[in-house]
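Coordinate-derived values only; no laboratory data. Computed from a predicted model, the values in this text were never measured in an experiment. Positions of Cβ are generated from backbone atoms using ideal geometry, with glycine treated the same way; all protein chains shown enter the neighbour counts.
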Amino acid sequence: MPRIAPLEPPYEAEIQSQFDRIMRGAPPLMLFRVMASNPRAWEKFRAGSLLDRGPLSLREREIVIDRTCALNGCEYEWGVHVTTFALAAGLNEAEIRASVHEGADASCWSAAERVLIAAVDALHARSTLSDSEFAALSSHHDDAKIFEIILLCGFYRTVSYLANGLRLPLEESAARFPERPT
C-alpha cells in the first residue's frame with residue numbers, strides 16, 4: 001500500500017469523469033487515485049500535468065519522460081510510460097534499456113536524440129543548461145519544444161518525487177527497469 005490511501009471506487013461523478021478523460025476508459029493508475037484523495041493536490045497536479053500532446057513528437061516526449069524518471073529512480077512512472085507508449089513512440093529494446101542504463105552517448109540514439117538526452121541529463125544534474133547545451137538543443141528544436149522539454153523534465157521529476165516518496169506500488173502490468181547489461 002502507498003503511504004497515503006488512494007480513493008476507492010465508486011468515485012464521485014466529477015472524479016470518475018476526470019479519470020475517464022485521462023485514462024481513456026482504463027482503470028485509473030494508483031498515482032491518480034492517491035493524488036485525487038487530496039482535492040487541492042489533484043487539481044494542481046492536473047493543472048500542471050502536461051498530459052496533452054504538446055509540440056514534441058511522441059518519441060521525443062517519451063525519451064524525455066523515460067530518461068527523467070530513470071534518472072530519478074522512479075520505476076513506477078518509467079514502467080507506466082514504457083508499457084503505455086514505447087511501442088507507439090517507436091522505442092526498441094536497446095533504447096528502452098539505454099533510457100535507464102546509458103547516457104546520451106549510447107549508439108542507439110540519433111544525433112538529435114543524443115542532444116535531447118544530454119539536455120535532460122544536464123537539467124537533472126545541475127537544474128540548468130550551459131550555453132553550449134542550449135545551443136545544441138536549439139539546433140534541433142524551436143522555442144516551443146525547448147519550453148516543453150524543460151517543463152516535462154520538471155513535471156516528471158515532481159511525479160517521480162510523488163511516486164517514490166509515497167511508495168506507490170508498481171502497477172501490475174507496467175514494465176520494470178531492465179537489468180544492467182553485463
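Below is a table of values for the structure above.
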{"quantity": "Cα centroid of region 1-63 to Cα centroid of region 109-126, whole Å", "calculated": "27"}
{"quantity": "Estimated FRET transfer efficiency (Ser138, Asp105; beta-carbon r; R0 22 Å; 0.05)", "calculated": "0.60"}
{"quantity": "Potential extension, Arg40-Ser57 segment - 0.36 nm per residue separation minus Cα distance", "calculated": "3.0 nm"}
{"quantity": "Set of region 159-174 residues, backbone N closer than 18 Å to the point 7 Å along the Cα-Cβ line of Ala47", "calculated": "159"}
{"quantity": "Potential extension, Thr182-Asp131 segment - 0.36 nm per residue separation minus Cα distance", "calculated": "14.8 nm"}
{"quantity": "Those Cys residues of the chain for which no other cysteine Cβ falls under 4.7 Å", "calculated": "Cys108, Cys153"}
{"quantity": "The chain: C-alpha pair distances exceeding 31 Å, %", "calculated": "17"}
{"quantity": "Stretchable slack from Glu14 to Leu87, in nm (0.36 nm times residue separation minus alpha-carbon distance)", "calculated": "23.1 nm"}
{"quantity": "Computed magnitude of the charge dipole of region 58-165 (debye, nearest 20; Cβ of K, R +1, Cβ of D, E -1)", "calculated": "160"}
{"quantity": "Residues in region 50-75 that a label on Ile22 would reach, taking backbone N under 14 Å of a point 7 Å out along Cα→Cβ", "calculated": "50-52"}
{"quantity": "Top of Tyr156, Tyr76, Tyr11 by mean-square fluctuation, Gaussian network on the chain, Cα under 10 Å", "calculated": "Tyr11"}
{"quantity": "Cα shape, region 58-165, gyration tensor, a/c 1.5 rule", "calculated": "oblate"}
{"quantity": "Computed magnitude of the charge dipole of the chain (debye, nearest 20; Cβ of K, R +1, Cβ of D, E -1)", "calculated": "400"}
